[in-house]
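S.K.: Take a look at this one; I'll ask things after.
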Amino acid sequence: MATIEVVPIRPLGVADLDAVQNLSLEAGWNQVEADWRIFLELGHLYGVDGPAGAVHATGATLPLGHEFGWISMIIVTAGARHRGIAAQLVLHGIEDLAAQGLVPGLDATPAGREVYARLGFRDTWPITRLVRPGTGRVRADAGALAPELRAATLADLDAVVALDHRAFGAERRAVIARLIERAPQLAVVGWTPGAAGFLLGRFGRTATHLGPVVASDPSVALSMIDYAVARAPGPFVLDLVDLRPGLRAALEARGFAAQRTFSRMMYRRAEAFGDPNFAIAIAGPELG
């Protein structure tokens, strides 16, 4: 039986950015320093020090509006795993968000899902990570509708935030603004008569991440994804809210392939916030 070790958890700050990025590198994750700074500026970043003083485990919380918040960046260095440290970091996140009056949520891998279920989290949306190598324009049927597209800017912030709120159930203006500023060449809004949407993205260490993607019609979503793929280096990662088989098939026709799955889980709640009819792809497991 694994030894359960009660560990002291401390707040992390700017001085710890190199150490936490090293943990992300060890895990093979896609984050860059700008991703970690989101938690320092808008949420809480915390960690566990090893015997030699180096950070060897991390966790983060991010309030998303007034109803729920996110737990993510649960990383434990290889030599410190199987000691119950990850579970303690998640419990710390639950307590942090609950103290703010927020329902905790997270996106769980299949292995993590069992742990989180025991802690009281419940499944809501299925998410499939799709990956696409390379770059360049896709060759796929645009469908019956040909949406109009244009680059999104901070002048669109109110409209984009409103759509994002409808899709994901959170008013996360500060996060959305940072994503527009970080990768303006990926940010796009699209519309047809009676349908609208937006796509944002960010450049990671190993891939360009596309998301969040919000649209009231799949044709708008697909055209915006085509727009982003044509303007950024690959490989690409897109975390699809996997409730529309036809949409996933259209993305596979564009060269995307399933890599792994996640389950969106909410603490003691079996229903996601937001509207899955608008939520196409999430901002990533770390941002919700």
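Rule-based calculations on the coordinates, nothing more; no lab input. Keep in mind it's a predicted model, so treat the numbers as computed, not measured. With ideal geometry, Cβ positions are generated from the backbone for all residues, glycine too; neighbour counts draw on all protein chains shown.
S.K.: Test of understanding: what is the full-extension gain from residue 22 to residue 155, defined as 0.36 nm times their sequence separation minus their Cα-Cα distance?
M.R.: This chain segment gains 44.3 nm when fully extended.
S.K.: Name the helices (complete DSSP H segments) of the chain with a Cα length along the long axis of 20 Å or more and a Kyte-Doolittle mean of at least 0.5, or state none.
M.R.: 85-99
S.K.: Full extension from residue 115 to residue 174: what is 0.36 nm times the residue separation minus their Cα-Cα distance, to one decimal in nm?
M.R.: Net length gain for the segment: 18.2 nm.
S.K.: So, with +1 on the Cβ of K and R and -1 on the Cβ of D and E, and no other charges, what is the size of the charge dipole of the chain about its Cα centre, to the nearest 20 debye?
M.R.: 540
S.K.: Report the FRET efficiency, 1/(1 + (r/R0)^6), for residue 6 and residue 275, where r is their Cβ-Cβ distance and R0 is 41 Å, rounded to 0.05.
M.R.: Step by step, r from the Cβ atoms, then E = 0.50.
S.K.: Could you order the peptides 250-259, 48-57 from most to least packed, using the average number of other C-beta atoms within 10 Å per residue?
M.R.: 250-259, 48-57
S.K.: Follow-up question, since we're still on this one. Based on the mean of other Cβ atoms within 10 Å per residue, sort peptides 91-101, 185-195 so the most packed one is first.
M.R.: 185-195, 91-101
S.K.: Right, something else. Would you work out which of 56, 82, 12 lies farthest towards the positive end of the dipole of the range 10-123? Charges go on Cβ: Lys and Arg +1, Asp and Glu -1.
M.R.: 82
S.K.: Select from 78, 230, 174 the residue whose mean-square fluctuation is largest in a Gaussian network model of the chain (Cα-Cα springs shorter than 10 Å).
M.R.: 78
S.K.: Starting from 0.36 nm per residue, how many nanometres of slack lie between residue 259 and residue 206 once their C-alpha separation is accounted for?
M.R.: Net length gain for the segment: 17.6 nm.
S.K.: I've got another one for you. Where the only charges are on Cβ atoms (+1 Lys, Arg; -1 Asp, Glu), what is the dipole of the range 10-123 about its Cα centre, to the nearest 20 debye?
M.R.: 360
S.K.: At what distance in angstrom do the alpha carbon centres of the range 157-225 and the range 231-267 lie from each other?
M.R.: 15
S.K.: Also, quick follow-up: Using a simple charge model, +1 on the beta-carbon of Lys and Arg, -1 on the beta-carbon of Asp and Glu, nothing else, what dipole does the range 128-281 show about its Cα centre, in debye to the nearest 20?
M.R.: So the magnitude is around 600 debye.
S.K.: Using DSSP to call loops (not H, G, I, E or B), can you name the chymotrypsin sites (Phe, Trp or Tyr not before Pro) in the range 18-61 whose Cβ has at most 14 other Cβ atoms within 10 angstrom?
M.R.: When the chymotrypsin sites (Phe, Trp or Tyr not before Pro) of the range 18-61 are filtered for loop state and at most 14 Cβ neighbours within 10 Å, nothing remains.
S.K.: For the chain, with the dipole built from +1 on Lys and Arg beta-carbon atoms and -1 on Asp and Glu ones, taken about the Cα centre, which of 130, 163, 284 lies farthest toward the positive end?
M.R.: 130
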